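The values are calculated or read from the model by the stated rules, or taken from the named source; none is laboratory data. Nothing here was measured: the structure is a model prediction, and the numbers come from that model. Neighbour counts run over all protein chains shown; Cβ positions are idealised from the backbone, glycine included. To get the accessible areas, we keep the full protein, side chains included, count just its heavy atoms, and leave off ligands, DNA and RNA. Shrake-Rupley method; radii C 1.70, N 1.55, O 1.52, S 1.80 Å.
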There are 2 protein chains.
Amino acid sequence: MELWYSEQHTKSVRFSVKVNQHLYTAKSEFQRIDVFKSKEFGTFLTLDGLIMVTEKDEFIYHEMIVHVPMATNPRIKKALVIGAGDGGTVRELTRYPGIESIDMVEIDKMVVDVCRQYLPQTACKLDDPRVRIYYEDGLKFVRSRENLYDLIIVDSTDPFGPGEGLFTKEFYGNCDKALTEEGILVNQHESPYYDKYARSMQRAHQCIREFFPVCRVYQVHIPTYPSGHWLFGFASKKYDPVGKLDEEAWNNLGLQTNYYNTELHKGCFALPNYVKALLADTGK
Amino acid sequence: MELWYSEQHTKSVRFSVKVNQHLYTAKSEFQRIDVFKSKEFGTFLTLDGLIMVTEKDEFIYHEMIVHVPMATNPRIKKALVIGAGDGGTVRELTRYPGIESIDMVEIDKMVVDVCRQYLPQTACKLDDPRVRIYYEDGLKFVRSRENLYDLIIVDSTDPFGPGEGLFTKEFYGNCDKALTEEGILVNQHESPYYDKYARSMQRAHQCIREFFPVCRVYQVHIPTYPSGHWLFGFASKKYDPVGKLDEEAWNNLGLQTNYYNTELHKGCFALPNYVKALLADTGK
């Protein structure tokens with residue numbers, strides 16, 4: 001017998017993974033949660049039938065969403081992470097001794113519980129004393145925060161389910177207020193390749209550029225996401241992520257990484273023409 | 001009725017495309033050739049069950065295999081292209097007025113004939129007066145050439161079928177001899193992500209580094225190739241593709257591109273740590 005997990009990347013493109021075992025399935029208040037074990041990707045988590053995290057390549061996503069802003073401003077002390085129930089983003093943040101507090105806001109407690117059990121590789125630092133977890137809607141959480149965080153990371157799902165509110169102007173306006181003058185915002189920014197994702201990317205970009213004077217996009221290779229061509233948004237009140245990067249300072253921290261390095265940090269902001277055109281086309 | 005084309009990216013990963021029509025199928029002396037029509041990718045060509053070219057994203061591969069060396073040395077006059085039966089690489093080369101001759105060596109005439117019929121988007125410049133097509137084995141062809149070409153592009157299939165000879169030391173040693181002192185060699189360099197491809201990548205790198213003092217690797221996003229994370233090798237006798245890039249000269253040519261730009265040219269040579277480690281691990 002063979003068991004295959006299949007995911008529709010578009011209506012006419014399907015990505016399938018042979019699985020050894022369907023370890024977990026449940027429906028939370030917000031979404032369907034599944035965990036599978038596979039030879040190629042190790043254990044992986046899906047939400048509403050979309051791969052979120054695999055043991056094999058989660059390092060790419062989590063290193064790139066964390067080290068790019070942290071290297072841009074190594075003095076970041078207070079971080080807010082929205083979404084990110086698997087814990088991978090928090091894990092990377094806890095590697096910085098200079099980080100004093102990490103507030104994590106995850107709407108779905110069940111995701112966190114499932115990851116603690118099945119994905120200790122990502123969830124392993126959720127009990128770090130600097131971490132405080134709020135099981136709330138990120139959209140509501142940021143409404144009441146002002147001038148508090150040096151860094152906000154929006155580690156959301158796609159804007160098709162519970163993550164939808166995190167792709168709105170209201171949300172990014174409130175993030176702007178919740179950030180200090182030093183503030184940097186990084187968000188998962190979808191993908192330029194397939195139409196549906198490209199529209200989400202444009203929507204996210206349009207929301208963010210209204211509030212932040214610095215608004216850039218960087219790209220990574222994440223093979224288990226649709227098309228493998230994934231983007232992150234970098235927005236800030238004053239920090240340019242490339243021009244002022246202090247490579248030596250970051251390299252002196254001595255952090256071992258499998259994907260991120262400071263040369264790649266500069267390189268990943270160079271985008272293909274068709275991606276630049278899509279981003280420019282999001283209206284002014 | 002639904003018709004799906006499926007490709008095994010590994011034994012336990014499958015990529016499937018809904019097709020409208022199976023336009024062509026045949027077995028040549030060297031391989032099985034198929035052409036499909038799909039909504040997502042337009043017409044696409046497969047060889048031995050692997051996607052080679054799709055109308056939707058062939059521009060990524062062909063722009064990146066051609067414009068990186070051409071921008072590095074805008075005085076390239078004589079080019080040799082090995083493989084590349086679909087014509088896309090030749091098409092991009094013919095856009096340079098400075099190019100005087102393009103020798104194309106394709107082992108399988110049937111691929112060229114099929115692409116002329118079904119993929120005019122890539123095959124459209126094969127009748128350019130500067131192009132001469134040799135239906136020969138590339139490995140044998142380069143044995144008898146010396147000090148002839150400013151640029152060799154190895155646009156091969158994977159090293160699992162007829163492309164196998166193009167992943168050997170003998171071949172790259174002969175390429176070295178066939179190049180002038182100005183010579184640049186670019187090759188499709190497989191992918192770092194799935195084991196089988198990563199081993200091919202290491203093999204290619206090991207062969208090339210023996211002959212060329214400058215030996216670099218650059219990366220691109222090609223969603224229809226396994227993992228979407230694809231590499232090209234850049235080797236030369238003296239040209240550094242990044243440090244000495246004359247961006248202004250290339251931009252003054254006024255070529256319109258959908259993927260390539262000179263900023264990306266510099267950025268794509270910055271590789272993730274795990275890729276650097278795999279390349280370093282190819283022995284000295």
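The table for this structure:
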item: Total residues in the stretch B:27-37, condition open to solvent by 10 Å² or more (accessible area, probe 1.4 Å) and in a strand (DSSP E or B); result: 4
item: Close pairs from the stretch A:207-232: first touching a residue at least 60 places away in the same chain (Cβ under 8 Å) and of a type in the set (Lys, Arg), partner outside any helix (DSSP H, G or I) and open to solvent by 30 Å² or more (accessible area, probe 1.4 Å), Cβ under 9 Å, at least 6 apart; result: A:ARG209/A:CYS215; A:ARG209/A:LYS284
item: Members of the stretch A:121-159 found to be hydrophobic (A, V, I, L, M, F, W, C) and free of Cβ contacts under 8 Å to residues at least 12 places away in the same chain, listed by number; result: none
item: Subset of the stretch A:209-249 (residues that are under 13 Å from the mean Cα position of the chain (by Cα) and either open to solvent by 10 Å² or more (accessible area, probe 1.4 Å) or within 12 Å of chain B (Cβ to nearest Cβ) (or both)); result: A:TYR218, A:GLN219, A:VAL220, A:ILE222, A:TYR225, A:TRP230, A:LEU231
item: Residues of the stretch B:6-42 satisfying the condition of being over 20 Å from A:SER16 (Cα atoms) and within 14 Å of chain A (Cβ to nearest Cβ); result: B:ASN20, B:GLN21, B:PHE36, B:LYS37, B:GLY42
item: Qualifying residue in the stretch A:160-177 (condition: closer than 24 Å to A:ASN258 by Cβ and open to solvent by less than 40 Å² (accessible area, probe 1.4 Å)); result: no
item: Enumeration of residues in the stretch A:78-94 that are aliphatic (A, V, I, L, M) and outside any helix (DSSP H, G or I); result: A:ALA79, A:LEU80, A:VAL81, A:ILE82, A:ALA84
item: Qualifying positions in the stretch A:95-130 - surrounded by 20 or more Cβ atoms within 10 Å (Cβ to Cβ) and part of a helix (DSSP H, G or I); result: A:VAL111, A:VAL114, A:CYS115, A:TYR118, A:THR122, A:ALA123
